[in-house]
Amino acid sequence: MSYYQENREAFLEGLKTFLRIPSISTEPEHRPDIQRAAEFVRDELSAAGMAKAELIEGAGHPLVYAEWLGAPGKPTLLFYGHYDVQPVEPLEEWKSPPFEPEIRNDNIYARGSCDDKGQVYILVKAVEGLLKTTGKLPCNVKFLIEGEEEVSGEHIESYVAKKPPRLASDAAIICDTEMFAPELPTICVGLRGIVYTELHVQGADHDLHSGVYGGAAPNPIQAIAEIVTALKDRDGHILIPGFYDRVQPPSRKEKEAWARLPFDEEEYRKKEIGSPALTGEPEFDVFERTWARPTFEVHGIRGGFIGEGAKTVIPARAVAKISMRLVADQRPEEALAQFKAAVAKVCPRGVTAEVKLIHHAGASLVNPDNRFIDAAAAAMQQVFGSQTVYIRSGGSIPIVGSFERSLGIPSVMMGFGLPDDNLHAPNEKFHLPNFYRGIEAVARFLEIVGQ
Ligand code: BES
Ligand code: MN
Ligand code: MN
């Protein structure tokens, strides 16, 4: 039996310990947990046998850096992942508590199990196995694990932009994406970018009795609804002037490859989405709509009376959280400026509207023609026993663009999540067979790259 098979139980125990740390990056009260999670990763890397493993502390949540450079002449890989997780609300919808990992039907349930602690742990255990059994790695490996990915990775971005010599490498390896379907090894070659904003709308200078003043006073929640519907029509077309100007359609070759993916739209609607119908631009198929077209979404509207019962009030102000997913070659700063100009143009009488930027990140497209992606495809194929497919994803991983722009390296996104893993939602899970196969696939990948 190999090291990887013999140590499955220990790997699982280690993962559970990692998952018990509530490292929610957006909530300031979890700052000590962020620190603990960073230290956990560092200690694991050093126990795995990485020659150096340390925290890089500065502004923001610590980065974990590690290296093993004992293979002169061989390529150097930069392993990236994140130890921070999303918030857990609504808590009452979890079948087991989010930070008390529980195994049901070959899945481990916990916040971060798939996104991204389970997958960071895959990287750690892959190198551990090789180092413990052979005393070395087939190529040079560096780790850069961050704790702010879920809040846009501002500090890793400025760190990478400085091009620190210790990050010099030939390719970035990222386990933070999903497989297209169970049993189908997948490489992700495109991610969308994002501009996340708040729309602040102010009407009267104080709350008003809706009976006494209704009919004369402006309503900021109504104004938000009007602004939102003026900027996206019922067919999902975004009406922000200039917004689509830089959008690049996927190549014919890529669209042909997507058309070969096993996909049943009706099943997707029922099982993955669970709504009475799919929406969005009717002239594009689901892959193009979710991978290669930008979006405009409202995430929440705060304002007025939201308690039980009734209160007859016209609120003075309201706030909407609105984001736009971007595709190549859209530019976040430009999209933000276009959004602001469009809001100013459609803002109804009687209210003022202000757009505040929360965070942004560019889209990324990876050219799949390189030996690292070939090696990853071959490694996954060997471990999973079926042909690797290439897809894009609609999600964002902000640092991928910087790896290309600042370090000049391609990213290999070999992910082991599944479409029903409930990322960012209640009952997030990670399929344990994928956890174990992921570890072996990454180890195999290192061997192939080192050959
Ligand atoms: N791992 C996800 C992104 C992802 C999910 C890629 C599924 C491919 C498939 C990542 O942790 C994430 O959620 N990113 C955020 C980024 C944002 C907060 C800047 C996202 O996409 O919302
Ligand atoms: Mn992630
Ligand atoms: Mn995420």
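Quick look at the values:
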quantity	calculated
Cross-link partners of LYS163 among lysines (Cα-Cα below 18 Å; sequence separation of 8 or more within a chain)	LYS142
Accessible surface, region 384-434, averaged per residue in Å² (probe 1.4 Å)	29
Gain on full stretching of the segment that runs from ARG234 to GLU6 - 0.36 nm per residue minus C-alpha separation	76.5 nm
Loop-exposed GluC sites (Glu not before Pro) per DSSP, neighbour cap 15 Cβ within 10 angstrom, longest uninterrupted part of the chain	309-451
Where labels lie 7 Å past Cα in the beta-carbon direction, separation of HIS209 and GLU265 in nm	5.4
Global geometry of region 258-339, whether rounded, prolate or oblate, following the gyration tensor of its Cα atoms and the 1.5 cut on a/c	oblate
ARG252 versus ILE103: modelled label distance in nm, points set 7 Å from Cα along the beta carbon direction	5.1
Nonlocal amide H pairs with GLY193, under 5 Å, H built at 1.01 Å	LEU326, VAL327, ALA363, SER364
Linear extension gain, ILE273 paired with GLU226, 0.36 nm per residue minus alpha-carbon span	14.3 nm
Paramagnetic reach from HIS299 in region 184-224 [backbone N under 12 Å; point 7 Å along Cα→Cβ]	194-199
Entries of LYS52/LYS162; LYS16/LYS271; LYS345/LYS429; LYS74/LYS255; LYS253/LYS356 with Cα pairs more than 32 Å apart	LYS345/LYS429; LYS74/LYS255; LYS253/LYS356
Accessible-area composition of the chain, carbon plus sulfur, in percent [1.4 Å probe]	50
5 angstrom amide H check on ASN107, placed H, neighbours 5+ away	LEU432
Residue-normalised accessible area of region 1-98, expressed per residue, 1.4 Å probe, Å²	45
Computed over the chain: relative contact order in percent, which uses C-alpha pairs under 8 Å that are six or more apart	26
Virtual spin-label span in nm between LYS136 and GLU39, 7 Å along Cα→Cβ	3.5
Helix-only CD estimate at 222 nm, as mean residue ellipticity for the chain, using -39500 (n - 2.57) per DSSP H run (n ≥ 4)	-9500 deg cm²/dmol
Beta bridges per DSSP with both ends in the chain, % antiparallel, nearest 5	70
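The values are calculated or read from the model by the stated rules, or taken from the named source; none is laboratory data. It should be emphasised that the depicted structure is a prediction, and the values quoted were computed from it without experimental measurement. Here the Cβ is made from the backbone with ideal geometry for all residues, glycine too, and neighbour counts use every protein chain on show. Note: areas computed on protein heavy atoms with side chains; ligands, DNA, RNA excluded. Shrake-Rupley method; radii C 1.70, N 1.55, O 1.52, S 1.80 Å.
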